[in-house]
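Student: So that we are looking at the same thing, I have put the structure below in structure tokens.
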């Protein structure tokens, strides 16, 4: 499935300094979302758990697709996963 971006985000022109600040803030969302998922797992109703998790997943998906993805298209070096992959590769060589 192809990600469809709003027209204004197809070719973003965000300044690098703003992109760096925004990525830093967005990456801080990971821990609260993980904690929320842990708390949701304590809900006794499985059906309610699924609905709550779905809401979290949809929220994270929107943040990624509508905010992070356009930034990473413009500044691929800000992708935190690429840094982790290269660190792992370097440590595996030793």
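Where a number appears in this text, it was derived from the coordinates with a stated rule and is not lab data. Please read these numbers as outputs of a predicted model, since none were measured by experiment. Please note: Cβ atoms are built from the backbone with ideal geometry, for glycine as well, and neighbour counts cover all protein chains shown.
Student: Taking the Cβ-Cβ separation of residue 75 and residue 30 as r and a Förster radius of 22 Å, what is the calculated FRET efficiency to the nearest 0.05? If you can, show how the numbers build up before the last one.
Tutor: Values: r = 19 Å, r/R0 = 0.87.
With a Förster radius of 22 Å, E is 0.70.
Student: Using 0.36 nm per residue of separation minus the Cα-Cα distance, give me the extension gain between residue 56 and residue 20 in nm, one decimal.
Tutor: Gain on extension, residue 56 to residue 20, equals 10.5 nm.
Student: I need the shape label for segment 15-87. Rule: rounded when a/c is under 1.5, else prolate if a/b > b/c, else oblate, with a, b, c from the alpha carbon gyration tensor.
Tutor: Prolate, because a/c is 1.5 or more and a/b exceeds b/c.
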